[in-house]
Amino acid sequence: MKRIGLLTSGGDCAGLNAALRAVYARAHHGYGWTVVGIRNGTAGLMERPVQAEELDDRALNSDLLRLGGTILGTTNKGNPFKFPMEDGSFVDRSHEVIEGYRMLNLDALIMIGGDGSMAIIRKLAKQGGIPLVSIPKTIDNDIGATETSIGFETAVQAATSALDHLQPTAASHSRVMVLELMGRDAGHISLWAGIAGGADVILIPEIPFSIDSVAHKIREVRRAGRNFALVVVSEAVKTADGTKVHKDYHGGEKRFGGIGDYVAFKIADTTGAETRVTVLGHVQRGSMPSWRDRLIASAFGAHAVDLIAEGKFDRMVAWSDRRVIDVPLQDAIAEYQDVKHSDPLVRTARALGICLGD
Ligand code: F6P
């Protein structure tokens, strides 16, 4: 009888609880193992006493399928190899995390995380001899070696529905509506939602844009007799001089934010159109999981447990050709998946007459 640890790491997204539920169902009811839920990612393993508890049959509750976020808690700060201290210095606290893992007497660890967490926890696993299996999650859909990750579809749905809500008000006021979306350095959410939501312009970080090209598209829309336009801008799109736009938060934290205002101002300046900006932000993360995110999360969770049963470690579960598979974790980390210019959806967008800013 094994005892396995489970943690969620990095930014939350929809579908994490569905994955957790599947891990518990397969491990406890399939193999008779104990599942220990670790609180707040690696932060829970750094604390003393270690923040963790054995999961019980409440984890089977189907409410968890519908529930956004993660009941285990998570963090996207505090890399244990470079942990920020109050005095501004950084210390290596990796040994504390490994010690915390050992204190729980675990046989293996399942971690649900994005590309950053995967690299960090893989390094911890190597250092501490921890048998590790990973489950990919991120609204950004930028993890390599998998077609999709938990949370992406729900984020695209939230962004598409934002465009659905912006369209009538745009038409009523004859405005250009700019919608700023998340995605870090990858433009997948913007590209997918922009196509699905009928955007006229989609700006993504992978394709540098010129304001002349955007203005040309807005004028074309107007000439064709339409009084409004929808513009999607991914948060990591750069300004004309090549700068990424950030917002500063307390404690020196920086996050993307503000490129929507820049683009809207430029559009108004060059076309005379009235513009408004919506920043969708964390709504993309906290929504109720879509059916597909629930389904993929369930398949991922069950398969991750089976990998432990087979003694296959240092692997990530992945989605490929309509099914769950597993791949070397290193492949997933090595291949950052941003939008390639050859992406068929880039062609689709162009075929629909959507301006990509180039
Ligand atoms: O990686 C997921 C993500 O939502 C990005 O799209 C976004 O840039 C970032 O996290 C926001 O992070 P935070 O929750 O710390 O504001």
May I ask you to verify whether Ile139 is more than 17 Å from Phe313 (Cβ to Cβ), among the β-branched types (Val, Ile, Thr), in contact with a Leu (Cβ under 9 Å, 6 or more places away or on another chain) and buried (at least 20 other Cβ atoms within 10 Å of the Cβ)?
no
Could you say which residue among Glu235, Glu253 is of a type outside the set (Ser, Thr, Tyr) and surrounded by fewer than 17 Cβ atoms within 10 Å (Cβ to Cβ)?
Glu253
On the given criteria, is Ala155 out of contact with any Cys (no Cβ under 9 Å at 6 or more places or on another chain), modelled with pLDDT of 95 or more, under 19 Å from Pro205 (Cβ atoms) and in a helix (DSSP H, G or I)?
no
Reported set for segment 110-123 where residues are surrounded by fewer than 22 Cβ atoms within 10 Å (Cβ to Cβ) and more than 16 Å from the ligand (Cβ to nearest atom) is Arg122, Lys123
Name the single residue that is most open to solvent (accessible area, probe 1.4 Å) among those in segment 57-97 being of a type outside the set (D, E, K, R), farther than 20 Å from Ser117 by Cα and not in a loop (DSSP other than H, G, I, E, B).
Leu60
Would you confirm, using the coordinates I've provided, whether Gly151 is touching a residue at least 60 places away in the same chain (Cβ under 8 Å) and either more than 12 Å from the ligand (Cβ to nearest atom) or hydrophobic (A, V, I, L, M, F, W, C) (or both)?
no
Within the group Leu163, Leu132, Leu181, which residue is in contact (Cβ under 8 Å) with a residue 12 or more places away in the chain and within 11 Å of the ligand (Cβ to nearest atom)?
Leu181
Could you list, in sequence order, the residues of segment 142-172 that are small (Gly, Ala, Ser), open to solvent by less than 10 Å² (accessible area, probe 1.4 Å) and within 22 Å of Thr278 (Cβ to Cβ)?
Gly151, Ala155, Ala159, Ala170
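The values are calculated or read from the model by the stated rules, or taken from the named source; none is laboratory data. This is a predicted model, so every value here is computed, not measured. Because the Cβ atoms are built from the backbone with ideal geometry, glycine has one as well, and the counts that use them run over all protein chains shown. The protein model used for the area step is the full one, side chains on, heavy atoms only, and it has no ligands, DNA or RNA in it. Shrake-Rupley method; radii C 1.70, N 1.55, O 1.52, S 1.80 Å.
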